[in-house]
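K.L.:
Structure incoming, see below.
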Amino acid sequence: MSATSGFILVLLGFGFLIFVHELGHFLAAKWAGIRADGFAIGMGPCLASYRKGVGFCFGSADAKVVRLHGKRPIEMPDDERERLAIGETEYSLRALPLGGYVRMLGQEDGNPEATSDDARSFAKAAIPKRAVVILAGIAANLVLAIVLFLVAFLAGVRFPAPSIGFVVPGSPAANAAPSDASKPIGLQPGDQVVAVSGEDTKTFLDLKVAAAMAKPETPLAIEVLRGGERLTYTATPAREPSSGLLSIGVEPVRSSTLTDVRDSREDVARMLRRVLPDASSLGISAGSRVLAVDGKPVSSYAELDRAARAASGDSVEVEWSVDQLHAKSERQSTRMAMRPEFEVLRGAEGDGIDQGLIGLVPLARVIEFASGSLNTETLKEGDVILRVGAGAGTLEGPRTSQLMAYLRSHPNETLPAVVLRDGKETEVSIHTDREARAGVYLEPAWDIARVAQSVDAVRTGGSGSDARDTPAKALSALPLATVLSLDGEPVKDFRDLRTRLVARAKAAVAGQPLAIRIGMRDPSPEAQPHEAAASLSADDVATLSALSSAFPIPETYFDPQFTVLSANGNPITAVSMGFHQTWVMVKQVFLTIDRVARGSVGADQLQGPVGILHTGTKVADEGFMYIVFFLALISVNLAVVNLLPIPIADGGLFLFLMYEKFAGRAPSIAFQNAAALTGIALVAGLFLFTFYNDIARLLH
């Protein structure tokens, strides 16, 4: 589905949700005998309208009535209006499609003084009838959500399966404690998550949401199936720097199909150009599927990676299923070089994640430019960043994570920099735009032996307090120094250093440290090469020994393995699933509000209409049933938000009604005015805040 068609469908769907909400109020008002003067879809200026007796009009039909009779229909008593053959309700379409309202006699949102003594006014209706009218919109959205969920479950909706494909080193998941002390610490790839804190998990999203919605500093009991055995682990979610949400640090198990989601297609194409230059001519692109590796059939990323690791050479034969529109054959075979693995180094100070060896990290190289990049005239593909900035703010020998953070802190600037280009140091400028984007893609410069700033300590647990020193700390490696040798043997580049370190580690006696000597060269011109000594601890030996060569394409470029939530065509089961999912979503909305108040969910995660439409457009990539499911979720959100005790929302009006019921009188007009102004200010502030969040998220 294209971005445009997806956007239109989601926009129409969002308008339909509001239509159903207002239709609930409208039908309830008709049932209660309350005069409903207006039914509007959207907000703002009136584009078109219809009123019985007036007909279809561009603009408001009321304006035509005023020209003919000198007053609006709502100002006429019923007998006069009927004598003039003017319909009771104006149906209108407004300019802004995100909103809507029902205008009832004697009741206007945000205007408590719009009262009426007419027998058919809102205030004259019995309190139970007014309560039904107020709550009818919420009920309509909940019923609609159940119906939409029912439709989605009858057809079946795909979701990432609740199985773990990758565990982030040092994350809460990696350090999860088993209830059975004889079992290994940490969740493992291949674990199928069956329950979190007693709640069944049917999709990977259930696990992600449970972690994000957890109370701060509160452990989760995670039940998994491993080799047919049911195990229980305890993990305390930690805040994820990239999203600001609580997470346990796991990714879903992946399939053997390259992801074809719109936002990822450019990344997939860029990756293929690097690892498989002839991919385009072969028809291999986003959506292509790996069928076999070295002749072994595969159906998941885990299987293809195992087959690749079992290969004896430096490359593997990969058989693909490709789009027949772009190739003569449905199957294509190609040989691909293996990808050497390096250590994942999570700095103990929380300063990013990099790849390297024993704390030594390569410099960052420019590999490609984003569309519209400001740096295509100053930088070149292959440039290695040696330093950036000037004076006291100079960043010398930046790691990739440091360079990215540095650029993010200098929006809309031109920064002096020095790069290694064709073997020579060259002065350049790096430009950032207003959103602090440089528009360049980076990768570690594995093919040279110069080092960036080292990672002297790495996290071993969920926080910086759980850390250990790396051998690089003892080496005192200065940024931009060059690794010359290991044990007196020349070192060509990081790949060569990796080969030698892995061989040394595998030759070590288990559990005993291994002493090494690395020749380092100070970056200053007058400095002489010197040797530095360090020791590999048992942890270092274990980490290096575990490094191997992996499948050339990382698993993040592949689709998750999916499970289908389906009622298998049984409408009764679908209704039950619809009720259950609606109730789950109601709880999650209230949980989100609670977690925002507690601070475990950042307010910057809240989305407004723009963000909802953008998310919906991306969801549309997955097919029509995803849109149906997404609209059901939004319908529940609309219901719950309207239930909140905000003065101009349905919940606030219901609260006033309960006061009138028990106090015997309605709140004073002055109080209602003050409450309405407060509510309008609150809603306007929330709208502006979420609008800013939405735009900032889109720009980044």
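K.L.:
Can you pull the one-decimal nm distance between simple spin-label points at residue 82 and residue 370, each 7 Å off the Cα toward Cβ?
P.N.:
According to this spin-label approximation, the distance is 6.5 nm.
K.L.:
Which percent of the Cα-Cα distances in the chain go past 46 Å?
P.N.:
Numbers: 84274 of 244650 pairs.
In whole percent, the long-distance tail amounts to 34.
K.L.:
Calculated from DSSP H runs of 4 or more alone, at -39500 (n - 2.57) each and per residue, what is the 222 nm mean residue ellipticity of the chain, nearest 500? Walk me through the numbers before you get to the answer.
P.N.:
On the way: 17 runs with 248 residues, N = 700.
After summing the helix terms and dividing by the residues of the chain, the value is -11500 deg cm²/dmol.
K.L.:
So what are the ³J(HN,Hα) numbers for the range 635-641, from phi and the Karplus equation (6.51, -1.76, 1.60; θ = phi - 60°), rounded to whole Hz, Gly and Pro as x?
P.N.:
Working through the residues one at a time gives 4, 5, 4, 4, 4, 5, 4 Hz.
K.L.:
Could you pull out the GluC sites (Glu not before Pro) across the range 50-149 that fall in loop regions by DSSP (anything but H, G, I, E, B) with no more than 14 other Cβ atoms inside 10 Å? All intermediate terms of the calculation are to be shown ahead of the outcome.
P.N.:
On the way: sites: 75, 80, 82, 88, 90, 108, 113; in loops: 88, 108, 113.
Here the sparse-neighbourhood loop sites are 113.
K.L.:
List 385, 127, 627 from most exposed to least, where exposure is judged by having the fewest other Cβ atoms within 10 Å.
P.N.:
Values: 385 27, 127 11, 627 23.
Fewest-to-most ranking of 385, 127, 627: 127, 627, 385.
K.L.:
Quote the FRET efficiency, to the nearest 0.05, computed for residue 52 versus residue 124 with a Förster distance R0 of 22 Å and r equal to the Cβ-Cβ distance. Walk me through the numbers before you get to the answer.
P.N.:
Numbers: r = 24 Å, r/R0 = 1.09.
Approximately 0.40, to the nearest 0.05.
K.L.:
Explain nothing, just compute: Karplus ³J(HN,Hα) = 6.51 cos²θ - 1.76 cosθ + 1.60, θ = phi - 60°, for every residue of the range 367-378 in order, whole Hz, x for Gly and Pro.
P.N.:
3J(HN,Hα) across the range 367-378, in whole Hz: 10, 6, 10, 6, 4, x, 4, 7, 10, 5, 8, 9.
K.L.:
To continue, here is another question. Once you compute Rg and the Kirkwood Rh from C-alpha atoms, what is the Rg to Rh ratio for the range 457-547?
P.N.:
0.99
K.L.:
Residues in the range 466-499, backbone N under 13 Å from the label point at residue 507 (7 Å along the Cα-to-beta-carbon vector): list them, ranges by number please.
P.N.:
486-489, 499
K.L.:
To continue, here is another question. Can you check what the net charge comes to around residue 488, using other residues whose Cβ is under 12 Å from the Cβ of residue 488 (Lys, Arg +1; Asp, Glu -1)?
P.N.:
Details: positive: 500, 517; negative: 487, 489, 531.
Taking every other residue near residue 488 into account, the sum is -1.
K.L.:
For residue 348, what residues show an amide H to amide H distance below 5 Å, using hydrogens built from the backbone and excluding near sequence neighbours?
P.N.:
When sequence neighbours closer than 5 places are left aside, the close amide H contacts are 457, 458, 459.
K.L.:
Taking the Cβ of each residue in 648, 18 as the centre, tally the other Cβ atoms inside 10 Å and list the residues starting with the fewest. Spell out each step's value before the answer.
P.N.:
Numbers: 648 19, 18 22.
Ordered from fewest to most neighbouring Cβ atoms within 10 Å, 648, 18 come out as 648, 18.
K.L.:
Run the numbers for residue 197 and residue 337: contour at 0.36 nm per residue of separation, minus the present Cα-Cα distance, in nm. Working shown, then result.
P.N.:
Numbers: separation 140, 0.36 × 140 = 50.40 nm, distance 4.36 nm.
Length gained, residue 197 through residue 337: 46.0 nm.
K.L.:
Calculate, in nm to one decimal, what residue 482 and residue 434 gain on full extension: separation in residues at 0.36 nm each, minus their alpha carbon distance. Don't jump to the answer; show the numbers that get you there.
P.N.:
Details: separation 48, 0.36 × 48 = 17.28 nm, distance 3.57 nm.
Value of the extension gain: 13.7 nm.
K.L.:
Related question: Can you give me the long-range amide H partners of residue 246? Hydrogens built in the peptide plane at 1.01 Å from N, cutoff under 5 Å, separation of 5 or more residues or another chain.
P.N.:
240
K.L.:
So how do 236, 426 line up by other beta-carbon neighbours within 10 Å, fewest first? Walk me through the intermediate numbers first.
P.N.:
On the way: 236 18, 426 14.
The most exposed by this proxy come first: 426, 236.
K.L.:
Skipping prolines and chain starts, which residues have an amide H placed within reach, meaning under 5 Å, of the one on residue 104, given they are 5 or more residues away or on another chain?
P.N.:
37
K.L.:
For helix 669-699, report the angle its Cα long axis makes with the longest principal axis of the Cα atoms of the chain; keep it between 0 and 90° and round to the nearest 10°.
P.N.:
It works out to around 30 degrees.
K.L.:
From the backbone phi of the range 337-344, what are the Karplus-calculated ³J(HN,Hα) couplings (6.51 cos²θ - 1.76 cosθ + 1.60, θ = phi - 60°) in whole Hz, Gly and Pro given as x?
P.N.:
6, 5, 10, x, 8, 10, 5, 8
K.L.:
Got the relative contact order for the chain handy, in percent, Cα pairs under 8 Å and 6 or more residues apart?
P.N.:
Numbers: 1418 pairs, mean separation 109.6, N = 700.
Once divided by the residue count of the chain, the mean separation gives 16 percent.
K.L.:
So what's the range 363-444 giving for Rg/Rh, alpha carbon basis, Kirkwood Rh from the mean inverse pair distance? Don't jump to the answer; show the numbers that get you there.
P.N.:
Working: Rg = 11.3 Å, Rh = 12.4 Å.
We get a ratio of 0.91 for the range 363-444.
K.L.:
Under a plain spin-label model, where a point goes 7 Å from the Cα along Cα-to-Cβ, how far apart in nm are residue 576 and residue 538?
P.N.:
Rounded to a tenth, the inter-label distance reads 5.2 nm.
Rule-based calculations on the coordinates, nothing more; no lab input. Predicted, not measured: the structure shown is a model, and the values here were computed from it. All Cβ positions, even for glycine, are placed from backbone atoms using ideal geometry, and neighbour counts span all protein chains on display.
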